[in-house]
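Encoded as structure tokens, the structure appears first; notes follow it.
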Amino acid sequence: MVVMTRWLNPDEQRTWRAYVAASRALMEKLDRELQRDAGMPHAYYEILVRLSEAPDRRLRMSDLADATGSSRSRLSHAAARLEASGWIRREDCPTDRRGQIAVLTDAGFATLAAAAPGHVEGVRRHLFDALSPAQVDQLHRISETMLDHLTEG
């Protein structure tokens, strides 16, 4: 059976390349700023945010990996670094001997609280300030549609 490739037309190709370049540039810019201003990469910031929003500032490591879109091994490496910094601690899961719980420490929460204003300003400056209110609405609707499509089933 021969499968026909559905090549992108010129408009789709331009849109795809612009989307990839803009997404990469935004995340690289935000990552550089967090490194410079808070001494952490964006991936670590995201872990701290997820823990700060969780009940009792704690999540199973597997749930944290899912929430951050990280592999289990990648999250374990990041958690070791965050634990060495005193920003999180890991505890054994009381219901599963193989599982662990990541807990945001007071020092980690304080670090996040100090980093958040600069990061939010960067998101505002590099994303939202460049868009009109109508474009923000379009971006939201497009992003939700893509997320629904990519996470269905």
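A short reminder: the numbers here are calculations on the coordinates, not readings from a lab. Being a predicted model, the structure only gives us computed values, none of them experimental. FYI the Cβ positions are ideal-geometry reconstructions off the backbone, even for glycines, and counts take in every protein chain you see.
Couple of notes before you dig in:
- Rounded to the nearest 500, the 222 nm mean residue ellipticity of the chain from helices alone is -22500 deg cm²/dmol, with -39,500 (n - 2.57) taken per DSSP H run of at least 4 residues.
- With a simple spin-label model that places each label point 7 Å from the Cα along the Cα-to-Cβ direction, the separation between A113 and V3 comes to 5.3 nm.
- Highest mean packing first, where packing is the average number of other Cβ atoms within 10 Å per residue, the peptides 103-111, 68-76, 10-18 line up as 103-111, 68-76, 10-18.
- Relative contact order (%) - criterion: Cα under 8 Å, at least six apart; region: the range 11-78: 18
- Within the range 69-153, the GluC sites (Glu not before Pro) that combine a DSSP coil assignment with at most 10 other C-beta atoms in a 10 angstrom radius are E152.
- Derived scalar couplings ³J(HN,Hα) [the range 110-120; Karplus, 6.51 cos²θ - 1.76 cosθ + 1.60; whole Hz; x for Gly, Pro]: 5, 4, 4, 4, 6, 7, 4, x, x, 5, 4
- The overall shape of the range 93-149, judged from the alpha-carbon gyration tensor, is oblate: a/c is not under 1.5, and a/b is no greater than b/c.
- P(r) weight above 27 Å for the range 1-143, C-alpha pairs, percent: 38
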